[in-house]
Ligand code: TXA
Ligand code: MG
């Protein structure tokens, strides 16, 4: 659906009736529902085939709406929200218990994010309620960064897809937990550990919970195309390309900066999936701090099994 005022209104009404809508964000497309409606939230888990122990991110239109959902009355939260919202930072705080229980997987904390895509901001405004929205992929698969990449299995179960164009960032938001005694980053994204350190004056820890409670985005196998991903050195890639110079199964590293590399990564992999390429070769990008969010995604993708099972 083109994001006209009329379509946005139809989508807002659908969400308030308990339906799901695929929405653009600046990171990846999301599968959105009214966070206050337990049945609608339940459907997110069904449609994504997502295990129930994984909490969802709640999307708000600013600090005021955030304060109705979680305990945001703390210095660190306000500093981060003022510095990075609207934007790709999800902040975990104590929940006020107003969102459907499944949003927080029955836990005492909630992840909040004010996205900066104008289409989603307009939709939240029209709905007047916070929207729970995980990435719009089947569990462990690639997150879509273009409307055209949304899985048909998801399409058949939602009211519609609001097409907001190509996602500006292309990988999921950074998730930072403020309920531990030192801010702890659970997932790396466009906002780096260094960005958070500069803002708070404290170096956050980085520990993803995958060893104890595997969750989407932190699950060891995630963001994976169907084909097996093999990370190769530039020399190995050269050999492959010597055999066949125009191979579509190799993602080369062409000196891009990490942000532009991240932006194109999932759409490139989605294209390779459509061509049923297996294996998929990815040339290792530089092993430097600015690349850590990209490396996190590449490692997870390359750990995937070749099986079709999520
Ligand atoms: O960029 C994004 O964050 C996208 C777009 C749609 O906003 N959303 C997204 O959601 O990636 P999802 O559900 O695929 O990933 C949510 C991440 C997971 O790693 C989950 O474990 C973590 O956030 N999370 C959510 N609520 C949490 C909570 N209360 N405590 C700890 N982690 C939480
Ligand atoms: Mg996800």
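Derivation of every value follows stated rules applied to the coordinates shown; laboratory data play no part. Treat the numbers as computed from the prediction; the structure is a model and nothing was measured. We place every Cβ from the backbone using ideal geometry, glycine too, and count neighbours over all the protein chains shown.
The table for this structure:
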quantity: Among 56, 78, 120: highest mean-square fluctuation, GNM of the chain, C-alpha pairs under 10 Å; calculated: 78
quantity: The chain: most fluctuating residue of 29, 261, 223 per GNM, C-alpha cutoff 10 Å; calculated: 261
quantity: Inter-label distance, nm, simple model (7 Å from Cα along the C-beta direction), residue 4/residue 292; calculated: 4.7 nm
quantity: Degrees separating the helix 292-302 axis from the principal Cα axis of the chain, which is the longest one; calculated: 70 degrees
quantity: Förster radius 30 Å - calculated FRET efficiency between residue 73 and residue 153, Cβ distance, rounded to 0.05; calculated: 0.15
quantity: Gaussian network model of the chain, springs between alpha carbon atoms under 10 Å - residue of 14, 35, 136 with greatest fluctuation; calculated: 14
quantity: Nearest-0.05 FRET efficiency for residue 274 and residue 46, computed from C-beta distance (R0 25 Å); calculated: 0.50
quantity: Pairwise FRET efficiency - residue 101 versus residue 182, Cβ, R0 = 35 Å, nearest 0.05; calculated: 0.80
quantity: Angle in degrees between helix 258-274 and the longest Cα principal axis of the chain, rounded to the nearest 10; calculated: 80 degrees
quantity: Label-point separation in nm, residue 239 to residue 252, each point 7 Å along Cα→Cβ; calculated: 1.8 nm
quantity: The stretch 102-166: mean projected area of Cα convex hull, nm²; calculated: 5.4 nm²
